[in-house]
Amino acid sequence: MTAGSDARLAEALVDARRAQERHARGGPRFEGLDSRDVATPRDAPAAYAVQHAVAEELGWFASRRPSAWKVGAPTRKAMPEATPLPPAGVVASGATLTADRFTSIGIEGELAFRLRAAPRLAAARSIADAAASEAIDEAIGELVVTIEIVAPRFRDLAVMPPLLRLADQGVHGALVVGTGIVWSRPIDWPRQVATVRRDGVVVAETQGGHPLGDLRYLVGWLAHHAASRGHPLAAGDLVTAGTWTGLVPARAGEVVAVEFPGIGEASVTLA
């Protein structure tokens, strides 16, 4: 993939976001881009460059640093991936979001770490030893429930190549931040239950549903990744760490709620 096609992809993503906003304000419906019409980034650095170009053009971090991130990986052996989240799309539980802002809507029940301090980089590369684990634990202040709205700028999410998903801000639409608990020690990851309800009806429930198990290592990885992008993590930052519930479809007119018993809950109305 050439620099020229990087730039064209970034331009297409910016135009798509603006078209979605126009539709939310009563303009013509935006049907979404077709992934076959764009060039997929050749590697992760190219995808991150597209993320950066979109954020720069839309001014997300012109006057503030990123304070919320999504991070995840398909397996423990895979390299994690991350996206700094647009501030306007990070909302408190109970919010109402306009469904017309999104080409399609999927719901993921997640847990996020809220930091009380920046992780010590020298000790935060993994949780394989006691020193690294202690450094990450010292940085975490809370564990909170989040709902990620998965909403790509493309109409064909199922066939989007992984690097194209990464370039499209990890197909992120919005993040709803709910209640949680003060971090004192790791939870029982394999036994943790997660439930998704639509209009009060349970549509997904898992136990130990996250494929990565202990998620603290993602905080350590992100500390280095964010610093390499010029946005080191800081106290108060939120790091949401991937789905426990799979991707649950949702639509306008529904109230979606996610609960992690013993930790907290979050809800959002899709208007």
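The values are calculated or read from the model by the stated rules, or taken from the named source; none is laboratory data. Every value quoted in this text rests on a predicted model; they were computed, and no experiment measured them. FYI the Cβ positions are ideal-geometry reconstructions off the backbone, even for glycines, and counts take in every protein chain you see. Just so you know, the surface numbers come from the protein's heavy atoms only, side chains and all, with ligands and any DNA or RNA stripped out. Shrake-Rupley method; radii C 1.70, N 1.55, O 1.52, S 1.80 Å.
Return the residue satisfying two criteria in turn: it lies in the stretch 194-204 and is more than 30 Å from Ser35 (Cα to Cα) and touching a residue at least 40 places away in the same chain (Cβ under 8 Å), and of such residues it is surrounded by the most Cβ atoms within 10 Å (Cβ to Cβ). Break it down stepwise before answering.
Looking only at the stretch 194-204, we keep the residues that are more than 30 Å from Ser35 (Cα to Cα), and these are 194-195, 197, 199-202.
Checking which are touching a residue at least 40 places away in the same chain (Cβ under 8 Å) leaves us with 194-195, 197, 199-200.
Details: Ala194: 25, Thr195: 18, Arg197: 20, Asp199: 11, Gly200: 7.
Only one residue tops the list, namely Ala194.
All of (1) modelled with pLDDT of 95 or more; (2) under 27 Å from Ala19 (Cα atoms); (3) open to solvent by 40 Å² or more (accessible area, probe 1.4 Å) hold for Arg114 with one exception: (2). The single condition among (1) touching an Asp or Glu at 6+ places or on another chain (Cβ under 6 Å); (2) under 19 Å from Gly264 (Cα atoms); (3) open to solvent by less than 10 Å² (accessible area, probe 1.4 Å) that Ile149 does not meet is (1).
Inside the stretch 62-78, can you point out the residues that are open to solvent by 40 Å² or more (accessible area, probe 1.4 Å) and hydrophobic (A, V, I, L, M, F, W, C)? Answer for the stretch 62-78, where residues must be open to solvent by 40 Å² or more (accessible area, probe 1.4 Å) and hydrophobic (A, V, I, L, M, F, W, C): just Ala62.
I'd like the residue in the stretch 154-193 that is under 15 Å from the mean Cα position of the chain (by Cα), under 16 Å from Phe102 (Cα atoms) and touching a residue at least 24 places away in the same chain (Cβ under 8 Å) and, out of all such residues, is surrounded by the most Cβ atoms within 10 Å (Cβ to Cβ). The qualifying residue surrounded by the most Cβ atoms within 10 Å (Cβ to Cβ) is Asp168. Does the stretch 211-222 contain at least one residue that is surrounded by fewer than 20 Cβ atoms within 10 Å (Cβ to Cβ) and either more than 17 Å from the chain's Cα centre (by Cα) or on the phi > 0 side of the Ramachandran plot (or both)? The answer is yes; a qualifying residue exists. Exactly one residue among Ala204, Ala226, Ala128, Ala194 is modelled with pLDDT under 95, of a type outside the set (Lys, Arg) and either out of contact with any helix residue (DSSP H, G or I) (no Cβ under 8 Å at 6 or more places or on another chain) or assigned to a loop (DSSP other than H, G, I, E, B) (or both), and that residue is Ala128.
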